[in-house]
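The values are calculated or read from the model by the stated rules, or taken from the named source; none is laboratory data. Remember, predicted model here, so these are calculated numbers, not experimental data. Note that each Cβ is placed from the backbone with ideal geometry, even for glycine, and that neighbours are counted across all protein chains shown.
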Amino acid sequence: MQGLKRKLVYVTLFELIAVGLTSTALSLISERPFFYAGVAAVSSSVIALVWNLIYNTGFEYWEARQTTKGRSLRRRLVHAVGFEAGLVVLLVPLFAYLLGLTLWEAFVYDLGLMLFFMVYTFSFNLVFDRVFGLPASALPTPAAQPEATMRA
């Protein structure tokens with residue numbers, strides 16, 4: 001599976017699982033009613049969905065231009081850290097507002113969630129790539145086939 005279909009399946013599965021996990025975690029951590037944590041989780045999921053499409057498109061654009069193909073441990077870690085750093089900038093103000101926290105408290109909460117989601121992102125990507133195969137940007141280029149020689 002490649003292209004837009006791959007991206008849509010990826011973000012849909014990723015976010016559905018994430019909403020369930022995040023709603024529960026935010027409710028427990030903030031001691032706020034599950035409704036507020038659910039609104040924060042769904043809102044953050046929509047933001048993360050859009051960010052995911054933008055980030056992965058940019059990452060694959062960069063990845064396709066690299067001389068070394070494949071997804072090494074290092075490349076997977078760079079991918080996960082970059083994605084999560086962008087989410088911190090986008091989600092801390094949202095959590096502060098929806099959960100009635102200061103920006104500092106929201107940042108501290110988000111650090112815990114960020115650590116969890118880095119592991120989740122790494123694990124999800126590993127499983128996703130094993131189930132659906134690597135995207136075209138990470139596939140090795142086929143070696144040039146020598147032309148068939150004709151026998152006399």
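What the table below lists for this structure:
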{"read-out": "Among residues of the range 1-52, those that are charged (D, E, K, R) and at positive phi, counted", "value": "1"}
{"read-out": "Failed criterion for residue 72 (all others in (1) of a type in the set (Gly, Ala, Ser); (2) over 20 Å from residue 51 (Cα atoms); (3) within 14 Å of the chain's Cα centre (by Cα) hold)", "value": "(3)"}
{"read-out": "Residue 53 under 25 Å from residue 137 (Cα atoms), among the aliphatic types (A, V, I, L, M) and in contact (Cβ under 8 Å) with a residue 12 or more places away in the chain", "value": "yes"}
{"read-out": "Identity of the residue in the range 90-141, polar (S, T, N, Q) and surrounded by fewer than 16 Cβ atoms within 10 Å (Cβ to Cβ), that ends up nearest to residue 62 (Cα to Cα)", "value": "141"}
{"read-out": "Some residue of the range 50-66 being polar (S, T, N, Q), at pLDDT 85 or above, surrounded by 13 or more Cβ atoms within 10 Å (Cβ to Cβ) and within 17 Å of residue 124 (Cβ to Cβ)", "value": "yes"}
{"read-out": "Condition broken by residue 23, with the remaining ones in (1) surrounded by fewer than 17 Cβ atoms within 10 Å (Cβ to Cβ); (2) in contact with a Phe, Trp or Tyr (Cβ under 7 Å, 6 or more places away or on another chain) satisfied", "value": "(1)"}
{"read-out": "Answer residue from the range 1-34, given it is within 18 Å of the chain's Cα centre (by Cα) and β-branched (Val, Ile, Thr) and is nearest to residue 45 (Cα to Cα) among those", "value": "19"}
{"read-out": "Subset of the range 62-84 (residues that are of a type outside the set (Asp, Glu), in a helix (DSSP H, G or I) and in contact (Cβ under 8 Å) with a residue 12 or more places away in the chain)", "value": "64, 75, 76, 77, 79, 80, 81, 82, 83"}
{"read-out": "Test: residue in the range 136-152 that is part of a helix (DSSP H, G or I), under 24 Å from residue 19 (Cα atoms) and touching a residue at least 40 places away in the same chain (Cβ under 8 Å)", "value": "no"}
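A quick yes/no check of all residues on (1) of a type outside the set (Lys, Arg); (2) more than 19 Å from residue 10 (Cβ to Cβ):
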| position | (1), (2) |
| --- | --- |
| 26 | yes, yes |
| 29 | yes, yes |
| 45 | yes, no |
| 55 | yes, no |
| 65 | no, yes |
| 69 | no, yes |
| 73 | yes, yes |
| 105 | yes, yes |
| 112 | yes, yes |
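Per-residue answers, yes or no, for (1) out of contact with any Gly (no Cβ under 6 Å at 6 or more places or on another chain); (2) more than 20 Å from residue 20 (Cα to Cα); (3) at pLDDT 90 or above:
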| residue | (1), (2), (3) |
| --- | --- |
| 75 | yes, yes, yes |
| 82 | yes, yes, yes |
| 85 | yes, yes, no |
| 90 | yes, no, yes |
| 99 | yes, no, no |
| 105 | yes, yes, yes |
| 118 | yes, no, no |
